[in-house]
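For reference, the structure discussed in these notes is given below.
The values are calculated or read from the model by the stated rules, or taken from the named source; none is laboratory data. As the structure is a prediction and not an experimental result, all values here were calculated from the model. In this analysis, Cβ positions are derived from the backbone assuming ideal geometry, glycine residues included, and neighbour counts consider all displayed protein chains. SASA here: full protein model, heavy atoms, side chains in, ligands and nucleic acids out. Shrake-Rupley method; radii C 1.70, N 1.55, O 1.52, S 1.80 Å.
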Amino acid sequence: MKTNREKCLCFTGHRTEKLPKTEKELEKLKKKLLLEIDRAIANGVDTFYFGACYGFDLLAAQLVLMRSKILVLDNPKHITLIAVVPFEEQAARWSKNNREIYYSTLQYCDEVIMLHTKFEKGCYYERNRYMVDRSGQMIAYYDGSSGGTAYTVQYAKQKGVKIINLY
């Protein structure tokens with residue numbers, strides 16, 4: 001029997017600016033990500049956490065939502081998608097397109113966890129720790145640069161979380 005943590009996976013990755021630039025490369029990333037999501041589901045993962053930020057987070061969430069809609073009659077699985085939002089107004093300054101993707105994705109999540117009503121110093125790190133602390137594995141898109149994704153990958157390593165880096 002798998003423990004709760006082993007049945008949970010979180011995503012971490014860069015914002016849109018650091019994702020592949022060409023449509024062909026972005027499609028390649030989506031295919032790799034979908035393959036890893038399918039593999040995780042086949043291995044018993046049923047809960048996915050994402051940090052609800054534009055870029056890799058929302059891309060991963062959309063693919064999980066797509067997968068959760070595919071009904072397998074001989075072996076049905078319920079997939080849970082949980083958004084962990086650092087603070088309520090996080091999307092206020094994003095582009096219109098990113099805000100639309102954000103709000104349309106959140107409405108289909110099984111749960112939205114709001115850590116703070118307004119921005120607080122360290123709230124992004126708190127969000128990242130929250131997800132890692134509840135997950136047995138992680139799918140990342142990490143290029144080796146410093147920042148929030150680096151912090152999250154490092155924290156996951158310290159916690160013994162299995163990391164799959166798609167970069």
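Quick rundown of the values:
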read-out	value
Answer from Gln154, Gln107, Gln62 - the residue that is open to solvent by 40 Å² or more (accessible area, probe 1.4 Å) and within 15 Å of the chain's Cα centre (by Cα)	Gln62
Residues satisfying the stated conditions in region 1-32, i.e. open to solvent by less than 100 Å² (accessible area, probe 1.4 Å), assigned to a helix (DSSP H, G or I) and without any contact (Cβ under 8 Å) to a residue 40 or more places away in the chain	Glu25, Leu26, Glu27, Lys30
Residues of region 121-147 classified as surrounded by fewer than 18 Cβ atoms within 10 Å (Cβ to Cβ) and of a type in the set (Gly, Ala, Ser), total	5
Selection status of Tyr54, within 12 Å of the chain's Cα centre (by Cα), modelled with pLDDT of 95 or more and in a strand (DSSP E or B)	no
